[in-house]
Amino acid sequence: MKEQLRMSGAKVMATLIVLLGSLSLIMLLAVINGSLGFIAAMSVTVFGSVAVAKALGETIALSWGWIINLTIGCGLLRGILKYFEQYSNHYIAFKLLAVLRDKIFKALRILAPAKLETKQKGSLISMLTSDIETLEVFYAHTISPICIAILVSTATFFFVGFISSFYLAAVALIGYLVIGILLPYIAFKRLKKPGVTYRQEFSSFNAYFLDSIMGIKDIILHNGEKSREQEVNHRSNLLLDETKKIKKATSKNSALTEILVSIFIALTLITGILLVSYHQLSIGHMIIGVVTVFSSFGPVIAISNLPGNLNQTFASGDRVIKLLKEEPEVKEIKNKNNFEYKDLNVNDLNFSYEKDKKILSDICFHAKQGEIIGIIGESGNGKSTFLKLLLRFFQKDSGSIKYDGIDIDEINTTSLLNNVTMVFQCTYLFDETIEDNLLIANPSATHEEVINACKAASIHEFIHNLPNGYQTKVQTMGDNLSAGEKQRIGLARAFLRDSPLILLDEPTSNVDSINEGIILKSLIEQKHKKSIILVSHRQSTMAIADRKYQIKNGHMEEITDAR
């Protein structure tokens, strides 16, 4: 099924070429330099054959001095042109790799957060690293060689035809078509499935291996090293099997290419000898024609060797292009309405991740400044989903979510995010200092404001007692902090953001009762100028709620006996 969903190789190639944009002129320069460079390389042997023909008595307009000087000059010119060709190709490749990474990050920004909740992080890392690097092969070692092969083969055909014989040119042309088109096409078809499978297995392995590294503590804690190791080895073997298939097919293709080149060189020589024997061609001109054909197969050999890498390149290109073209589940809203939060009203809200499988049904809810609203319910009943809908992470199916009387679908995304902040149950920390992690919420905040936010979240004393205080570097994934410490840093972010509506998803689930009390006290102190919507399983946490709602089986009801 996955194979059928892939874009065709031609479509992938066309899309990748379109991405060249303004760099197409540099690519044209690379092609011109490459073509002239190879012709210069051929000319070294061709002028050698001209010298032989002159020695055999052929009438050659060039003097011996000119022949020698042109031979030396072409050799030097080949080196210069080759340098500029490679420089142009790699300049384009690396420039475009940077552009593609930028495009991917922008695409992920648009797709986040709804689409990314279903994507494996390892797969995305694989796309940003190995898939993008694979595309370098296409830009630096595919487009230019194909164009060079076409131009050089065409030039050789007419040169041999007019200088020597069109019979020799015809044999050469058949060789170019077989080696440069037919053989790569067959090899591409043969390598298509293992090439795509390899990229899929590679991406899957990256995702699984990343999960294994991130979860190493839990794996060790539950004595799961052996089973995890066996699965890693199994996936490694699958990857190795696909690699062997590709290498085997590539080796066969290379061997067949060399055999066919030898056959067509032999056919060219035989044709030349026959033309001389039937007095259709002088021996001198036959030598020039045959030597020219002999030296012209390099570009088509390069094309013949492309399918091995090209299949993987197309598989990588297919994945990257699909991500760039993927439509966000929720599009950013611009040029509509801004607001300054005073109240929230939700009426008849319905939502489902999949058709015919409702998560929330006919939800009614209201909140206003100066109150804390609690939401309780068993796991999987849609509490977190409801909070995410209030931030328009997903598109509601029907009903209304209105801020200050304006439906959420009519509010500019920037204005919504300025007024509403959410603290997730699991807080992500970047590999930066603690203060840098906090300033993400408010880059212009002063150090004093950062400290006040941390005090409100009951995390200041902990940070202050660290060796470098707020300048302490958070390790990758925040592994040097406990879940409770990370959760309180997330809460400090929300306080530093100072949005008038704060959504809290289990804000005290990872803290002890003492710190819970401090955090709840801080929330009560903050509520006079804010609305706070609080999801929690703890009855002690719910005790501060002015009103409570309960979600059960996708339905929400206000608990009227709340204080």
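The values are calculated or read from the model by the stated rules, or taken from the named source; none is laboratory data. This is a predicted model, so every value here is computed, not measured. Methodologically, a virtual Cβ is constructed for each residue, glycine included, from the backbone with ideal geometry; neighbour enumeration extends over all protein chains shown. Remember, those area values only see protein heavy atoms, side chains included, never the ligands or the DNA or RNA. Shrake-Rupley method; radii C 1.70, N 1.55, O 1.52, S 1.80 Å.
For region 457-514, the Kirkwood estimate of the hydrodynamic radius, built from every pair of different alpha carbons, is 12.4 Å.
Accessible surface area normalised per residue over region 196-264 is 63 Å², counting heavy atoms of protein chains with a 1.4 Å rolling probe.
In region 167-320, Rg over Rh equals 1.30, where Rg is the alpha-carbon radius of gyration and Rh the Kirkwood radius from pairwise Cα distances. Ligands, DNA and RNA are left out, and with a 1.4 angstrom probe the accessible area of region 277-348 is 47 Å² per residue. The amide H of Thr472, built 1.01 Å from its N in the peptide plane, has Ile434, Glu435 as neighbours under 5 Å, considering only residues 5 or more places off or on other chains. Considering every alpha-carbon pair of region 396-544, the percent of pairs per 5 Å bin, from zero through the bin containing the longest distance, is 2, 9, 18, 22, 19, 14, 9, 5, 2, 0, 0. The long axis of helix 9-18 is offset from the longest Cα principal axis of the chain by roughly 80 degrees.
Atom-type composition of the exposed protein surface of region 444-563 places 49 percent of the accessible area on carbon and sulfur (1.4 angstrom probe). Translational diffusion of region 183-229, estimated by Stokes-Einstein from the Kirkwood radius over alpha carbon pairs at 4 °C in a medium of 1.567 mPa s, is 101 µm² per second. Of the Cα atoms belonging to region 483-558, the radius of gyration and Dmax stand at 12.5, 35 Å. Taking the longest Cα principal axis of the chain as reference, the axis of helix 64-111 is set at about 20 degrees. Report summary: the helix-based calculation at 222 nm, which adds -39500 (n - 2.57) for every DSSP H run with n ≥ 4 and divides by the residues of the chain, gives -20000 deg cm²/dmol. The distance from the alpha carbon centre of region 404-422 to that of region 2-80 is 60 Å, rounded to a whole number. Note on region 228-270: Rg/Rh from Cα positions, Kirkwood definition for Rh, rounded to two decimals, is 1.46. Label-to-label distance, Ile80 versus Asn338, with points set 7 angstrom from Cα along the beta-carbon direction: 6.0 nm.
Measuring spread by the Cα atoms of region 324-422 yields a radius of gyration and Dmax of 13.8, 44 Å. Dipole size of the chain about its Cα centre, with +1 on Lys/Arg Cβ and -1 on Asp/Glu Cβ: approximately 1480 debye, rounded to the nearest 20. Residue separation of Ile163 and Asp546 scaled by 0.36 nm, minus their Cα-Cα distance, works out to 128.2 nm of gained length. Counting protein heavy atoms only, region 49-92 has 72 percent of its accessible area on carbon and sulfur, 1.4 angstrom probe. Once the Cα atoms are used to define both axes, helix 307-325 deviates from the longest principal axis of the chain by about 30 degrees.
Put simply, the Cα atoms of region 1-82 extend 66, 29, 18 Å along their principal axes, the longest span coming first. Using alpha carbon coordinates only, what is the Rg to Rh ratio of region 257-390, with Rh defined as the Kirkwood radius? Result: Rg/Rh = 1.56. Set the Förster distance to 51 Å, then compute FRET efficiency between Lys11 and Glu432 from the Cβ-Cβ distance, nearest 0.05. Between Lys11 and Glu432 the formula returns 0.80.
So for the chain, averaging the separation of alpha carbon pairs under 8 Å that are six or more residues apart and normalising by length, what relative contact order in percent results? The normalised contact order for the chain reaches 15 percent. Legend: P(r) of the chain from all alpha carbon pair distances, 20 Å bins from 0, whole percents, reading 16, 36, 25, 15, 7, 1. Rg and Dmax of region 244-297, based on Cα coordinates, read 15.6, 52 Å.
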